[in-house]
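Worksheet: the structure to be examined is printed underneath.
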Amino acid sequence: MEPRISIITLGVDNLERSYKFYKDGLGLPTTRSPEEGIIFFKMKGTCLALYPWEKLAEDVGEKFKVEKSKFSGITLAHNVETEQEVEEVLKLARDAGAIIEKVGQKTFWGGYSGYFSDLDGYLWEVACGAAEFNEDRSLKIT
């Protein structure tokens, strides 16, 4: 298997509301609309998809149609180059309706990060540290 993730799909309670949060609030690019039943956002190196939670659980299998947990054990990360950028992204998310779960602060690993949860409770870390970036501003993994 090649080491890559093609699509990350988030099961959402309200496709229209989540579409507005990610497209209008955070400014993620897409050519899709909620009427199409699924949204794909163009990201660098992967795709972020939004799909109705019930339909996603049904697609995976009957045993997954259970109540969602507050913490799924998964976080999404958006890395930036400066502490100021961390604060700017956290503010953008808050202004779009996100909940700031952890304000930007120095970390035990020597960086700076904060967390927000989107409208469906998915956790996003916004972080900067000693990371290096490629020309397209994607994270350089060594």
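GLU81 meets all of the listed conditions (1) acidic (Asp, Glu); (2) part of a loop (DSSP other than H, G, I, E, B); (3) more than 23 Å from ILE141 (Cα to Cα) but one, namely (3). If you go through the range 33-55 and keep only what is farther than 13 Å from LEU10 by Cα and modelled with pLDDT under 95, you end up with LYS42, MET43, LYS44, GLY45, THR46.
How about the range 83-121: which of its residues are buried (at least 19 other Cβ atoms within 10 Å of the Cβ) and either in the same structural domain as TYR22 (by TED's automatic domain parsing) or not hydrophobic (A, V, I, L, M, F, W, C) (or both)? Across the range 83-121, the qualifying residues are GLY104, TYR112, SER113, GLY114, TYR115, ASP118. If ALA57 satisfies every condition in (1) closer than 22 Å to ARG17 by Cα; (2) in a loop (DSSP other than H, G, I, E, B); (3) more than 16 Å from the chain's Cα centre (by Cα) but one, which is the exception? It fails just one condition, (2).
Do the conditions hold for THR9, that is, is it of a type in the set (S, T, N, Q), farther than 29 Å from GLY111 by Cβ, outside the structural domain of GLY110 (by TED's automatic domain parsing) and surrounded by 12 or more Cβ atoms within 10 Å (Cβ to Cβ)? No.
Just wondering, is there one or more residues in the range 74-82 that are in the same structural domain as CYS128 (by TED's automatic domain parsing) and within 13 Å of ASP120 (Cβ to Cβ)?
Checking the range 74-82: at least one residue is in the same structural domain as CYS128 (by TED's automatic domain parsing) and within 13 Å of ASP120 (Cβ to Cβ).
Only a single criterion out of (1) under 15 Å from VAL126 (Cα atoms); (2) in contact with a Gly (Cβ under 8 Å, 6 or more places away or on another chain); (3) not in a helix (DSSP H, G or I) is not satisfied by ALA93, namely (3). Considering the range 12-44, the residues that are surrounded by 15 or more Cβ atoms within 10 Å (Cβ to Cβ) and of a type in the set (Gly, Ala, Ser) include one that is nearest to GLU58 (Cα to Cα), namely SER18. Candidates are the residues of the range 56-76 that are in contact (Cβ under 8 Å) with a residue 12 or more places away in the chain and of a type outside the set (Ser, Thr, Tyr); the one that is nearest to TYR115 (Cα to Cα) is LEU76. Checking the structure you have, find out if any residue of the range 100-112 is within 21 Å of LYS42 (Cα to Cα) and within 16 Å of the chain's Cα centre (by Cα). No, because not a single residue in the range 100-112 is within 21 Å of LYS42 (Cα to Cα) and within 16 Å of the chain's Cα centre (by Cα).
The values are calculated or read from the model by the stated rules, or taken from the named source; none is laboratory data. None of these values were measured; they are calculated from a predicted model. In this analysis, Cβ positions are derived from the backbone assuming ideal geometry, glycine residues included, and neighbour counts consider all displayed protein chains.
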